[in-house]
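Only one structure is covered here, and it is reproduced in the block below.
Every number in this text was worked out from the coordinates using simple rules, so none of it is lab data. Computed from a predicted model, the values in this text were never measured in an experiment. No Cβ is skipped: glycine too gets one built from the backbone with ideal geometry, and neighbour counts run over all protein chains shown.
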Amino acid sequence: MESMARPSNGFLSALSADDYELIRPHLRTVDLPHGAVLVETGETLMRAYFPHRGVISLVVELAKGEHVQVAMIGRGSLLGTLAIEGDACALNTAIVLVPGAASVVDLDRLRMAADQSSALRTQLARHGLAVYAQVQQTAGCNAAHPVESRLSRCLLHTHDMSGESRLLLTQETMAQMIGARRNSVSLVANSLQQANFIHYSRGHIQITNLDGLRQTACECYAAVKAQYDRLLGPP
Amino acid sequence: MLGRDSVVGAGAALADGISPMDAVVLFPGAASVIEFGVFRAVATASARLRKLMVRHEQVMLAHVQQSLLCNTLHPVEARLARWLLRAHDLSDGQILPLTQEALAQMIGVRRNAISLVAHALQRAGIIRYSRGQIEIIDPKDVLRLLFGGEGPSPAPDGSRGVTGARCDLCVPTCTQRRCIARAGQLVSIANVSRREDDGTYPRTA
């Protein structure tokens with residue numbers, strides 16, 4: 001039986017009572033402080049993270065030190081899907097983009113739970129594909145779309161995933177999120193501000209016109225949203 | 001892009017039939033197929049098979065995110081060269097039936113950008129290009145184009161194999177490949193890694 005309300009995470013709240021009970025005894029809550037590195041590429045991931053609030057950014061890097069964000073994980077999903085049944089060696093670095101809190105569980109525990117429940121495994125596979133969908137859409141987007149649409153898309157995703165319209169994002173971070181140069185981000189942030197879609201000052205972004213951003217964003221925003229809805233059901 | 005080193009649809013099968021991508025045959029060939037339902041039943045019965053499938057998913061993800069990085073940061077020439085090498089690997093170095101239109105789509109650029117680069121590569125004697133067919137004359141030349149000078153610097157493990165080198169650039173890094181391949185008992189993945197380490201494709205039955 002459940003003694004307490006479930007943590008506010010989409011993955012956890014969608015589980016059947018039996019599946020949740022497999023995980024519940026092992027859940028702990030941790031803070032996700034801004035900028036914390038949860039795992040680096042090549043390290044072994046020890047825990048799965050289910051954000052309640054906040055957003056985790058997955059980034060890949062080149063030897064030269066260039067970074068690009070490949071996907072984000074928010075309160076609707078979890079970090080560590082593929083590591084549970086696959087290899088626990090992290091394929092990308094996970095950094096806290098928007099601070100918050102998360103439930104965590106040791107991967108071994110989650111692995112044992114997955115061994116016992118095919119429904120749980122199916123859910124994990126779906127969340128794995130959702131991340132995959134995000135990465136492949138971003139791959140297309142970064143190759144083909146202008147900085148302005150990419151920044152709008154990214155701000156919208158961050159807003160959706162965090163549920164917050166005031167975001168602590170430096171231009172450096174935004175540049176990394178969309179894989180553009182800092183000065184082009186600066187120009188574009190300026191023009192979004194002039195259009196009154198955002199208000200930007202000292203590393204804080206206040207989204208003031210969601211519809212405006214939606215119109216500026218490329219088709220990739222809606223495409224990823226549709227994939228998430230299809231794979232993970234309505235939020 | 002995947003070939004005989006992997007599988008299409010395994011992730012979707014594990015996720016109950018939902019797939020987030022379209023799969024299109026790029027180069028003609030033949031494949032083994034299995035019904036989703038049967039595959040799911042087998043996967044339910046075998047934890048080993050499931051783990052192998054998820055590892056294939058991870059390799060795919062590693063490829064996609066590296067393409068993302070490459071598409072974002074690198075010039076068209078490098079992107080085209082990387083893509084051609086991967087296509088060359090997967091198709092045994094045969095002539096690739098590819099229009100410039102398709103090629104532009106593959107690496108996410110305009111057709112005229114491809115035209116210019118393909119023309120330059122042809123003039124340099126690196127590829128032969130005619131009427132929707134591309135032949136890579138020598139993959140080592142493509143590598144030299146990517147890395148300049150004597151070609152690639154050795155991988156961290158000292159190997160100078162064709163792909164050991166590419167981890168400097170845009171194939172999944174050595175660490176990632178090694179991590180995925182570490183549990184060598186998983187045959188196909190180990191084969192992928194062996195091929196990538198010494199440049200030979202395993203001839204398993």
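Near A:Ser8, once Lys and Arg are set to +1 and Asp and Glu to -1 for all other residues with Cβ below 10 Å from its Cβ, the sum equals +3. Peptide A:55-63 has a mean of 3 when you count, residue by residue, the C-beta atoms of other protein chains within 10 Å of its C-beta. Screening chain A for DSSP H helices whose Cα atoms reach 27 Å or more along their own axis and whose mean Kyte hydropathy is at least -1.0 gives A:118-144. Considering only alpha-carbon pairs that sit under 8 angstrom and 6 or more positions apart, the relative contact order computed for chain A is 21 percent. The trypsin sites (Lys or Arg not before Pro) found in region A:38-122 that occupy coil by DSSP, while having at most 10 further C-beta atoms within 10 Å, are A:Lys64. Decide, for region A:167-235, between rounded, prolate and oblate: order the square roots of the alpha carbon gyration tensor eigenvalues as a ≥ b ≥ c, take rounded if a/c falls under 1.5, and otherwise choose prolate if a/b is larger than b/c, else oblate. In terms of gyration-tensor shape, prolate. Under the combined filter of DSSP loop state and at most 11 neighbouring Cβ atoms within 10 Å, region B:64-132 retains these trypsin sites (Lys or Arg not before Pro): B:Arg110, B:Arg131. Applying 1/(1 + (r/R0)^6) with R0 = 35 Å to the Cβ-Cβ distance of A:Leu168 and A:His26 gives a FRET efficiency near 0.65. Per-residue mean of foreign Cβ neighbours for A:118-126 is 5 (Cβ atoms of other chains, 10 Å radius).
Given R0 = 56 Å, the distance between the Cβ atoms of B:Glu35 and A:Asn190 translates into a calculated FRET efficiency of 0.55.
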